[in-house]
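Asker: Below is a structure I'd like to ask you about.
The values are calculated or read from the model by the stated rules, or taken from the named source; none is laboratory data. If you're wondering where the values come from, they're calculated on a predicted model, not measured in any experiment. Neighbour counts are summed over all protein chains in view; Cβ atoms, including those assigned to glycine, are modelled from backbone coordinates with ideal geometry. Quick note on the areas: whole protein, heavy atoms, side chains included, nothing else; ligands and nucleic acids left out. Shrake-Rupley method; radii C 1.70, N 1.55, O 1.52, S 1.80 Å.
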Amino acid sequence: MSVKIGISPIAWQNDDLPDITAAYTMEQALREAREIGYTGVERGQRMPHDTEGLRAYLEANDIALCGGWCSGNTLVNSVEAECAAISQQVEQFVALNAPCIVYAECSNTVQGMQGVPVNSRPKLARDEVLAYAAKLTEVAKWVTGQGMPFAYHHHMGSIIESEEDVNWLMEGAGPEVQLCFDTGHMLFGGGDVMRVMNRWVDRIHHVHFKDIRPDIVRDVRDNDRSFLDAVIAGAFTVPGDGCIDFQAVADKLKAMDYAGWIVVEAEQDPAKAPPYEYSKMGYEHILSVCDRAGLKIDNRT
């Protein structure tokens, strides 16, 4: 059993805040990621959108596709409409042998609204989340039927943000709805990282290693700042630069025989946190905790 280490290009190319990363290119992101040692990258919006173009682009940079964000609208769409809306991405990811789509509900999220406090994110009652989970299961059944695992990303500013939200979603959804477990979003959302991992060990398919700076998170909460304000201020950072115990996370992954991707996703202002320097710091921290946990690293692309 072994794990692979990938990265999101968001530190170099932030799709939600393009101005702060205007000095960087996607080519630089992939080149530097490979130089550091990452063997996979999640899809970014400034990569080629067509399948063969994306395949050639990744091959030219000697890097694999290790998943990618899928903006979902199951809350407002019919199951049939939602499956049709995401079908092109599902087909592409199957063709490119991605480990999963990283799905999040975006129909009413506030994560991309800089003037809207993250505290004002939409919330559903338990019965509403259970109904959503049942509907989402039908979408996930279709996706997995196409040969693509479906990993749900709990995310700040969305209807599935807190530990309680995740618990309700996993309770109500069928096994086809697996979890993209994000350490940083879980802690920012007020959850207990290890408790959630322990509870949903059988549903974790994909893992984002994301650290937080607790003082900044507290300021964002206390002063009703937006999610994008949090990003710019540096709420998120790479593993080993914040407060999360990634040794405990790695130990748990080893205990559960995890054999998927560990993906660094740490968007922040590159003027304060140079992407190469911080991505290298995160990579080296992952190597260290994996080594101590006994997790073998697969360095093939």
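Asker: Modelled label-to-label distance, LYS141 and ARG218, 7 Å Cα→beta-carbon offset: nm?
Answerer: Going by the 7 Å Cα→Cβ label model, 4.7 nm.
Asker: Tell me the per residue accessible area of the stretch 1-129 using a 1.4 Å probe; a whole number in Å² is fine.
Answerer: Heavy-atom accessible area per residue stands at 43 Å².
Asker: Longer than 31 Å from Cα to Cα, which of LYS135/LYS280; LYS141/LYS272; LYS254/LYS280; LYS123/LYS280; LYS4/LYS272 are they? Say none if no pair is.
Answerer: LYS135/LYS280; LYS141/LYS272; LYS123/LYS280
Asker: Something else: Using a/c under 1.5 as the rounded threshold, could you call the stretch 38-146 rounded, prolate or oblate? The axes a ≥ b ≥ c are square roots of the C-alpha gyration tensor eigenvalues, and prolate needs a/b larger than b/c, oblate otherwise.
Answerer: Because a/c hits 1.5 or more and a/b fails to exceed b/c, the stretch 38-146 counts as oblate.
Asker: Just to verify a number: FRET efficiency for ASN108 and HIS49, C-beta to C-beta distance, R0 = 22 Å, to 0.05?
Answerer: Plugging the Cβ-Cβ distance into 1/(1 + (r/R0)^6) gives 0.30.
Asker: Now a separate question. Can you give me the % of accessible surface on the stretch 1-160 that is carbon or sulfur? Probe 1.4 Å, all protein chains present, nothing else counted.
Answerer: Carbon plus sulfur share of accessible area: 50 percent.
Asker: Using alpha carbon coordinates only, what is the Rg to Rh ratio of the stretch 53-102, with Rh defined as the Kirkwood radius?
Answerer: Radius of gyration relative to Kirkwood radius: 1.07.
Asker: Right, something else. Given R₀ = 41 Å, FRET efficiency for ARG126-ARG292 by Cβ-Cβ distance, to 0.05?
Answerer: Once the sixth-power term is evaluated, E becomes 0.60.
Asker: Could I have the simple spin-label model distance between ASN299 and GLU171, label points 7 Å from Cα toward Cβ, reported in nm to one decimal?
Answerer: My value for the distance between the label points is 4.6 nm.
Asker: OK, next. Rounded to two decimal places and with Rh computed the Kirkwood way over Cα pairs, what is Rg over Rh for the stretch 153-201?
Answerer: 0.91
Asker: Mind jotting down the distance between the C-alpha centroids of the stretch 233-253 and the stretch 75-124, whole Å?
Answerer: 25 Å
Asker: Then there is this: Taking the Cα centre of the stretch 192-301 as the origin, how large is its charge dipole in debye, to the nearest 20, when only Lys and Arg (+1) and Asp and Glu (-1) carry charge on their Cβ atoms?
Answerer: Dipole size: approximately 360 debye.
Asker: Need one word for the stretch 165-259: rounded, prolate or oblate. Basis is the Cα gyration tensor (sqrt eigenvalues a ≥ b ≥ c); a/c below 1.5 gives rounded, then a/b vs b/c decides.
Answerer: oblate
Asker: Using a/c under 1.5 as the rounded threshold, could you call the chain rounded, prolate or oblate? The axes a ≥ b ≥ c are square roots of the C-alpha gyration tensor eigenvalues, and prolate needs a/b larger than b/c, oblate otherwise.
Answerer: Verdict is rounded for the chain.
Asker: What length, rounded to one decimal in nm, is gained on full extension from ALA23 through to SER2, with 0.36 nm per residue of separation minus their alpha-carbon distance?
Answerer: Residue separation times 0.36 nm, minus the Cα-Cα distance, leaves 4.0 nm.
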